[in-house]
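All remarks here apply to the structure that follows.
The values are calculated or read from the model by the stated rules, or taken from the named source; none is laboratory data. Just so it is clear, the structure is predicted and the values come from calculations on it, not from any experiment. Please note: Cβ atoms are built from the backbone with ideal geometry, for glycine as well, and neighbour counts cover all protein chains shown.
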Amino acid sequence: MTQTLPERPAPARPPSALARLHAEQAQLPPTLGRIATYVLAHPEEVMYQTITELAGAAGVVESAVTRLCRRLGFSGFHAFKIALSGDVSQTQRHQTQGGPEATDPLSVAARQAVQAIEGTRQTVDPAALERVARAIAGAVRVDVVGQSNSGLSAQFLANKLARVGVPAVAYTDPHLAAVAASTQSAQGVVVGLTRSGSTIDTVQTLRLAATRGAFTVAVTHRVSSPITRHAREVLSTSSPEAPLAGGAISSLVSQVLLIEALYLTLLPLLPGAGAFLRETAESVVDKKY
């Protein structure tokens with residue numbers, strides 16, 4: 001006799017951020033009220049902002065943003081933005097019902113990638129890229145840290161550096177990253193990749209590395225974000241992404257482009273790069289058919 005398994009309940013829809021703001025607005029103290037007014041007037045902009053940017057736009061301190069989010073029943077600003085993104089997406093769907101069909105997925109993905117590439121090309125400061133390259137060329141050790149999709153980019157950068165003889169390790173585990181940062185020195189470089197600039201583990205790792213005197217580098221889309229406070233150099237990418245995007249292609253493409261530009265800037269600074277490239281290529285010859 002076949003046993004019928006109970007149906008799994010559908011995941012609950014996140015609470016509406018806008019509905020909660022409307023319900024609470026009249027009872028909010030002045031400081032929190034300013035934030036609420038700004039969010040209700042600019043919901044589409046807020047879902048792309050960091051807590052630092054929202055606080056600046058509303059004329060309050062960051063802790064006030066956190067207090068408002070918790071008063072509304074959210075664990076923090078990121079949880080609030082996820083709910084806000086759901087509200088905005090639902091509104092946009094209602095507005096486009098009955099309109100023309102959406103562009104095919106391949107074209108959408110290609111357009112996002114091209115926009116990220118061109119935006120990053122215009123955003124990156126060549127002088128900052130040169131300074132970071134020189135620091136890496138003279139480093140005794142390079143640690144590269146990143147979480148989730150940024151962890152993929154961290155591994156890509158560490159691999160590129162290792163191929164030309166630069167001692168580099170990628171850390172996607174936040175505990176191992178913290179241990180590595182605690183053993184850094186003034187002769188080391190630590191690169192933190194985070195699109196939002198607000199990934200807590202990556203920010204804390206860069207902060208720890210900075211206290212050790214390491215040359216710290218932030219690779220982020222947000223120049224006004226927590227990680228930049230602990231970075232000696234900031235390399236900016238262009239990859240606007242809503243919280244519900246879940247690591248859109250634009251984020252990965254923009255980071256990879258910047259890494260490739262950094263690598264090309266670094267090569268002329270490494271006299272032995274050519275020999276290392278030949279040796280590392282030969283080392284994996286028997287790994288391929």
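Details
- Counted as qualifying within segment 168-221 are the strands (runs of 3 or more DSSP E) with 2 or more residues that are of a type in the set (Val, Ile, Thr), namely 188-193, 215-220.
- Condition check for GLY151 on (1) touching a Leu at 6+ places or on another chain (Cβ under 7 Å); (2) closer than 22 Å to SER238 by Cα; (3) surrounded by fewer than 23 Cβ atoms within 10 Å (Cβ to Cβ); (4) at pLDDT 95 or above: one failure, at (1).
- Test: residue in segment 232-244 that is surrounded by fewer than 24 Cβ atoms within 10 Å (Cβ to Cβ), modelled with pLDDT of 95 or more and in contact with a Phe, Trp or Tyr (Cβ under 9 Å, 6 or more places away or on another chain): yes
- Within segment 54-76, considering residues that are in contact (Cβ under 8 Å) with a residue 40 or more places away in the chain and buried (at least 19 other Cβ atoms within 10 Å of the Cβ), the one nearest to ARG20 (Cα to Cα): LEU72
- Within the span defined as segment 267-280, one or more residues are among the hydroxyl-bearing types (Ser, Thr, Tyr), loosely packed, with under 15 Cβ neighbours inside 10 Å, touching a helix residue (DSSP H, G or I) at 6+ places or on another chain (Cβ under 7 Å) and assigned by TED's automatic domain parsing to the domain that holds LEU152.
- Boolean, ALA127 is surrounded by 14 or more Cβ atoms within 10 Å (Cβ to Cβ), of a type in the set (A, V, I, L, M), at pLDDT 80 or above and assigned by TED's automatic domain parsing to the domain that holds LYS160: no
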